[in-house]
Amino acid sequence: MKPSVSQGSILDVTADAIVNPANSYGAMGGGLAGVIRRRGGQEIEKEAMAKAPIPIGSAVTTTGGDLKFRIIHSPTMEVPGKTTLENVRMAVRAALEEAKKQGFKRIAMPGMGTGVGGLAFEDSAKVMLEEIRSFGGDLEILLVDVRQEMADAWNARL
């Protein structure tokens, strides 16, 4: 399985779902989560928080509110702050498993752990692509990030 890579807003993709690198409490204040909440509506956060706590290594799906796709909330951290590559690895795996469980055919995923989480683009790209490659299956994965550096890191690893 080879994902496609693009630089731009994940909110502009055509997909069944997008992945939100969440925290375990479902709070959507900063980073991409905050953007998703502002564009899609407060009900996304309310639904995610109702399903909390979401352990790292698991994921939940909510509606997308005013957005055209569903949201897979896959925690990279328990509370907002720095994260680890192992948490990113578990979050990517959990998002892929949730997409399969939901029957999604096409999902979009941003750089995981590279915003609020503070990880280097290259390190996140390496772990993300290892997990995507080992997952297999026919799920179409779009790797999309507003930062060109993240897109470059993915492309360098492909």
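Values quoted throughout were computed directly from the atomic coordinates according to the rules given, and no laboratory measurement underlies them. It should be emphasised that the depicted structure is a prediction, and the values quoted were computed from it without experimental measurement. Reconstructed Cβ throughout: ideal geometry from the backbone, glycine too, with neighbour counts over all protein chains shown.
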Quick check on Val35: is it assigned to a loop (DSSP other than H, G, I, E, B) and of a type in the set (A, V, I, L, M)? no
Find the residue count for segment 6-30, including only residues that are among the aliphatic types (A, V, I, L, M) and either surrounded by fewer than 20 Cβ atoms within 10 Å (Cβ to Cβ) or in a loop (DSSP other than H, G, I, E, B) (or both). 5
In segment 73-92, residue farthest from Glu47 (Cα to Cα) [restricted to those that are surrounded by fewer than 19 Cβ atoms within 10 Å (Cβ to Cβ) and touching a strand residue (DSSP E or B) at 6+ places or on another chain (Cβ under 9 Å)]: Thr84
Anything in segment 88-118 that is closer than 12 Å to Glu131 by Cβ, in a helix (DSSP H, G or I) and of a type outside the set (D, E, K, R)? List them, or say none. Val88, Met90, Ala91, Val92, Ala94, Ala95, Leu96
Scan segment 135-152 and tell me whether some residue there is without any contact (Cβ under 8 Å) to a residue 60 or more places away in the chain and among the small types (Gly, Ala, Ser). no
Considering only segment 124-151, state which residues are part of a helix (DSSP H, G or I), within 16 Å of the chain's Cα centre (by Cα) and not basic (Lys, Arg). Ser124, Ala125, Val127, Met128, Leu129, Glu130, Glu131, Ile132, Phe135, Met150, Ala151
When segment 43-62 is checked residue by residue, the ones that are in contact (Cβ under 8 Å) with a residue 12 or more places away in the chain, part of a helix (DSSP H, G or I) and either in contact with a Leu (Cβ under 9 Å, 6 or more places away or on another chain) or farther than 21 Å from Ile107 by Cβ (or both) are Ile44, Met49, Ala50
Applying the selection to segment 71-101, what residues are basic (Lys, Arg) and within 12 Å of the chain's Cα centre (by Cα)? Arg89, Arg93
